[in-house]
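*Asks:* Below you'll find the structure I mean.
Values quoted throughout were computed directly from the atomic coordinates according to the rules given, and no laboratory measurement underlies them. What you see is a predicted model, and the numbers here were worked out from it, not measured in a lab. Quick reminder, even Gly has a Cβ in these numbers, built from the backbone with ideal geometry, and neighbours come from all protein chains shown.
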Amino acid sequence: MENTTSPVIQLLSKELIEQRDKILNQLPNNYSELIEQSYIYKRVPKEYMLSSILFTISSSVGLVFKLDALGYSNYGNAYFTIIGSRGDTKSEAISIATAPLKISDDKDYDKYRENKSNQTDEDPPIKRKQILLQDATIESAQLSHENNPSGIGICKDEIFDLIQNMSNSNSRDGQKWRTFLLESYTNKFVDIGRKTTDSFRIKKTYLTLIGGLQHQFLPKMFANGNLESGFIDRILFTNILQRNKQMTFGNIEEKVISKYNHSIENILAYKRQSEKSNESIKELTISLTDEAHRTLFDYTQQLLNRQSIAVKPYEEYYSKMSISIHKLCILVFMMCRAQESTFKSQLDMADVNLAIELNEFYFMNFQLIVRSHFNSSQSKMNVDDVVRMAIKNNASQKAVAEITGLHKGTISKKWNKYAS
């Protein structure tokens, strides 16, 4: 493990805080106020709240909204992992952000129980509607998704048990979970065949995931096939960047909570409308302005350029960033329009630019994890080799600085050495 007080780690942490604040300053106040007051009154790290809110948006959207761009169709499902120590209020961030989803699930559960109590032998099976699962076997999770075709969210205070199962080659459930998550990330179909119970087919999957993980369990998360299978590359990691050590008397204002809840409820209402049997429009394609499409195109080309000079495990992570940028575009689009339900507008350049800032934020988090917690030959890079390769591939000095985590001045000196 690299010394967390090393200049590289300190620089990365400082840049991450700056990147986080840059993002928060661009969010609508129905989110930024909740993040700020959660930090003040509950001492919840701002970066934890940001990821938890994005997960909530992701779980609320479902398969109702998609983005067709650059020859691909993508949806807004994303996987988040919050990294920290015991007592870092990881679960509190998730609890605050997902509160409106819990309210919705509570109402649906009460309705389900009422319908079950009135059910007769002649009635068809009653399906339970829900948004989030907290503790479920792989079979029950797949069945819940079949009953909720728009999507299902996996929301856990701690995901170590899930990671442990996935890392165990002898665990059939663990391997099935990993396959389910891998396939669902790009919304592939899942066909469940059983001998003793009904078989079913989910034509298009939509899973979301969030959970906390303690620092010491990171090696297990990266072990036994999770890295090699590409599961790690699909995760948007969040490190703790700032702890609030100052107690403040008071509570989050009710109007702040109400404004946030209203935004989430508007997204859910749109999804519920699409799920009605008499609704002809089941899916809405988000259109882009020409400027937004060009910005997305140029950024994706930059990712490909950076990938061409990257080393493991960054090379593979860059590959998935070309997908996550589409997902984040959808989430930003929904966030910025949820308060007024203006979902029929276009994705504009400002939306894409904010999604890019988020994508870079999560890459920097991944970079910090690799630098801080892993010292394998795969995670080390020969900076001189990277610079030479960058010059050969016409990549920029900025891209090399982002990949290596070194200061731009250091890269510039090496660049001048090999470019001459």
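*Asks:* Spelling out what I want: for every residue of the stretch 160-168, take phi, set θ = phi - 60°, compute 6.51 cos²θ - 1.76 cosθ + 1.60 (Karplus), and round to whole Hz; glycine and proline get x.
*Replies:* 4, 4, 5, 5, 4, 5, 5, 7, 8
*Asks:* For residue 408, which lysines qualify as cross-link partners when the Cα separation must be under 26 Å and same-chain residues fewer than eight apart are set aside?
*Replies:* Output for residue 408: 14, 22, 312, 320, 380, 392, 398, 417.
*Asks:* Which value at 222 nm does the chain reach when only helices count, each DSSP H run of 4 or more adding -39,500 (n - 2.57), with the total divided by all residues and rounded to the nearest 500 deg cm²/dmol? List each step's numbers first, then the result.
*Replies:* Details: 16 runs with 231 residues, N = 420.
Rounded to the nearest 500, it is -18000 deg cm²/dmol.
*Asks:* Rounded to the nearest whole Å³, what is the per residue volume of the convex hull around the Cα atoms of the stretch 261-327?
*Replies:* Numbers: hull volume 8.9 nm³, N = 67.
Roughly 133 Å³ of hull volume per residue.
*Asks:* In percent, how large is the relative contact order of the stretch 7-380, given Cα pairs closer than 8 Å and 6 or more residues apart? Write out the running numbers ahead of the final one.
*Replies:* On the way: 576 pairs, mean separation 96.6, N = 374.
Rounded, it is 26 percent for the stretch 7-380.
*Asks:* Whole-Hz Karplus ³J(HN,Hα) for the stretch 301-312, in order, using 6.51 cos²θ - 1.76 cosθ + 1.60 and θ = phi - 60°, x for Gly and Pro?
*Replies:* 5, 4, 4, 5, 5, 5, 4, 5, 10, 7, 10, 5
*Asks:* Rounded to the nearest 20 Debye, what is the dipole magnitude of the stretch 230-287 about its Cα centre when Lys and Arg each give +1 and Asp and Glu each give -1 at the C-beta? Can you show the working numbers first?
*Replies:* Details: 9 positive and 7 negative charges, 35 e Å.
With Lys and Arg at +1 and Asp and Glu at -1, about 160 debye.
*Asks:* Next up: Over 23 Å between Cα atoms, which of 102/156; 129/156; 129/220; 102/271 qualify? List each step's numbers first, then the result.
*Replies:* Values: 102/156 13 Å; 129/156 19 Å; 129/220 34 Å; 102/271 16 Å.
Pairs exceeding the cut-off: 129/220.
*Asks:* Separation of the stretch 78-127 and the stretch 266-301 by C-alpha centroid, Å?
*Replies:* Each part's Cα centre sits 25 Å from the other's.
*Asks:* PRE reach from residue 298 (point 7 Å along Cα→Cβ): which of the stretch 338-366 fall under 19 Å by backbone N?
*Replies:* 347-361
*Asks:* Assuming R0 = 35 Å, can you tell me the calculated FRET efficiency for the pair residue 282 and residue 170, based on Cβ-Cβ distance, to the nearest 0.05? Walk me through the numbers before you get to the answer.
*Replies:* Working: r = 41 Å, r/R0 = 1.17.
Efficiency for this residue pair is about 0.30.
*Asks:* Against the longest principal axis of the chain, how steep is helix 138-147, in degrees 0 to 90 to the nearest 10, with axes from Cα atoms?
*Replies:* 60 degrees
*Asks:* Another one. For the chain, with the dipole built from +1 on Lys and Arg beta-carbon atoms and -1 on Asp and Glu ones, taken about the Cα centre, which of 235, 335, 368 lies farthest toward the positive end?
*Replies:* 368
*Asks:* Using Stokes-Einstein with the Kirkwood hydrodynamic radius over Cα pairs, what translational diffusion coefficient do you get for the chain at 37 °C and a viscosity of 0.692 mPa s, in µm²/s rounded to a whole number? Write down the numbers at each step before the final one.
*Replies:* Working: Rh = 22.5 Å.
Translational diffusion coefficient: 146 µm²/s.
*Asks:* Same structure again: Rank 45, 309, 70 by how far each Cα sits towards the positive end of the charge dipole of the stretch 7-380 (+1 on Lys, Arg Cβ; -1 on Asp, Glu Cβ) and give me just the farthest.
*Replies:* 309
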